[in-house]
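As C-alpha cells, the structure follows; a few thoughts come after it.
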Amino acid sequence: MLSSIFTTTGMIGFLFGMFMLVNEFYFSKNMRILVTLPLKPNTVMAAKLSVIIIDQMWISLAVLLPSLVYFGVLSSAPATFWISAVVVFIFSQFIPILFQAIVILPLSRILKFNKHKDFMVIFLSIIILVAVFAFQYYMNVSMTSA
C-alpha cells in the first residue's frame, strides 16, 4: 500500500515538476538579474533546483505524509519506521526532479538556437510525460500479473 502511495506521489511530482523545471530554467526572467551577481553557475543551478524541490515538497506533504502517519499509527510501527518515514518524506521529490533534470537540462544545448524553443520544450515535455505514464502502466501490469 505504501509503495503505491510513494509511486503516486512521485508521478504527481514528476508531472508538476516537469513543467516547473521547464518554466524555471527556460522561461524565467530572473536570469538577467542573476547573471550580474557575483555567483557561480553551479550556485545558481543549485538554488533553482532547491526552489523546485521545496515547491514539490507540498505534494509530498499533502499525499505522502498523511499515508505514512496513518500506516505508522495503525500498525504501531517501531521507531525505525518513523526514522525511515522521515527520510523517505524528505527525499520523496528528489528522484522525480533528478530524472527530469537529467532529461531536460541537456536539451538546453539543443534548443538554444532553435526559433521554436517554446514549442519544442513543451512538445518534448509531453513526450517524456507519456513515456513515464507508459512505463508506470507497464510496471503496474507486470506487478499485478506476478
Would you mind working out the magnitude of the charge dipole of the chain relative to its Cα centre, with +1 at each Lys and Arg C-beta and -1 at each Asp and Glu C-beta, to the nearest 20 Debye? 620
If neighbour count is taken as other Cβ atoms inside 10 Å, put Met18, Met57 in order from fewest to most. Met57, Met18
Based on the Kirkwood radius over alpha-carbon pairs, what is the Stokes-Einstein translational diffusion coefficient of the stretch 1-129 at 20 °C with 1.002 mPa s viscosity, in µm²/s? 131
I need the semi-axes of the equivalent ellipsoid of the stretch 23-78: take the C-alpha gyration tensor, multiply each eigenvalue by 5, square-root it, list largest first in whole angstrom. 38, 12, 6
Putting +1 on Lys and Arg Cβ atoms and -1 on Asp and Glu Cβ atoms, find which of Ile12, Tyr70, Val103 reaches farthest to the positive end of the dipole of the chain. Val103
Counting only Cα, what are the radius of gyration and maximum Cα-Cα distance Dmax of the stretch 1-46, in Å? 15.6, 49
Value at 222 nm in deg cm²/dmol, rounded to 500, when DSSP H runs of n ≥ 4 in the chain each add -39,500 (n - 2.57): -27500 deg cm²/dmol
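Since every read-out is calculated from the coordinates, none of them should be taken as a lab result. In this text the structure is predicted, and so the values were computed from the model without any measurement. Backbone-built Cβ (ideal geometry, glycine too); neighbour counts: all protein chains shown.
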